[in-house]
Amino acid sequence: NQEEDFRKATVKEWNRDRNFSLDQMAVLDAFESFVNFGTASEQILQLLLASAVDKFGIPLPTLLQEMELHSLLFPLRGDKTEGENEKEKEYLLPVRLPDMPPPGFSETCAPKQGEVAWVVVLQFLSIFFPPAFLSQIMGALHVLSDQGLCAYFQHGGVVRDKGRKLVFFFDRPQLELHLHAYGSSKESTWDLLDRATKGVRRVVASYVNL
């Protein structure tokens, strides 16, 4: 299709004009992951932002820090086993996330048998939400654990943390944000939900009339 042809042409252009020695298939796969799932490797961001780096003379790490500061992206974490080689850093760009849950999302969200569940539903009074609002919510919840987000889409996601997990979902028609915490310990699971609720409240407090 046209989008796929455009991505292939863009990767070839990067390889030619930037004099990069690229693994074109790997870069194309990473490009498609960015377009379809909102995740980007540092290499893809370097290629996408090269013109801005050249034009304004801003080093890429500085540019990425500024984008993170304004909730345009944030670094993904994830599981890492002992002795595993350091992986290339990956980022999540909330504005590029699909509006439908990824495959298996319901199974990821479901509590395991015997788990404790805590639920908080935050009701909003405003029908208007700033463009960066959900990105900031996602960022605030992502930093709650070392593992961070493990599943996500435009309106929600799952954060894992030491055997616990936090499921969040924004119900725009009902103007509600749902926070569900699951785990084996009543106290630690409540702690995760409490920290999540406070994180969301800090984001809300940064705006007027939400």
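General observations
- Computed over neighbours whose Cβ is under 13 Å from that of MET67, the net charge equals -2, Lys and Arg +1, Asp and Glu -1.
- Placing a pseudo-label 7 Å from each Cα along the Cα-to-Cβ vector at LEU122 and ALA26 gives an inter-label distance of 4.0 nm.
- In this structure the chain gives 59 Å² per residue of accessible area when probed at 1.4 Å with all protein chains present.
- Cross-link table LYS8/LYS165; LYS89/LYS198; LYS8/LYS162; LYS8/LYS112, entries beyond 32 Å C-alpha to C-alpha: LYS8/LYS165; LYS8/LYS162; LYS8/LYS112
- Sorting 99-106, 33-40 by their mean Cβ neighbour count within 10 Å, with the most densely packed peptide first, gives 33-40, 99-106.
- Inter-centroid distance (Cα atoms) of the range 160-202 relative to the range 59-75, Å: 26 Å
- Cβ-derived FRET efficiency at R0 30 Å, ASP99 paired with LEU48, nearest 0.05: 0.85
- Our summary gives the chain a relative contact order of 18 percent, counting only alpha carbon pairs under 8 angstrom and 6 or more residues apart.
- Our estimate of slack between LEU63 and TYR207, defined as 0.36 nm per intervening residue step minus the Cα-Cα distance, is 49.4 nm.
- Calculated FRET efficiency for the pair LYS112/PHE37, C-beta based, R₀ 25 Å, to 0.05: 0.45
- Summed over qualifying helices (DSSP H, 4 residues or more, each -39500 (n - 2.57)) and divided by its residue number, the chain shows a 222 nm mean residue ellipticity of -13000 deg cm²/dmol.
The values are calculated or read from the model by the stated rules, or taken from the named source; none is laboratory data. It should be emphasised that the depicted structure is a prediction, and the values quoted were computed from it without experimental measurement. Note: ideal-geometry Cβ built from the backbone for every residue, glycine included; neighbour counts use all protein chains shown. For the accessible areas, the whole protein counts, side chains as well, though only heavy atoms, and no ligand, DNA or RNA atoms are used. Shrake-Rupley method; radii C 1.70, N 1.55, O 1.52, S 1.80 Å.
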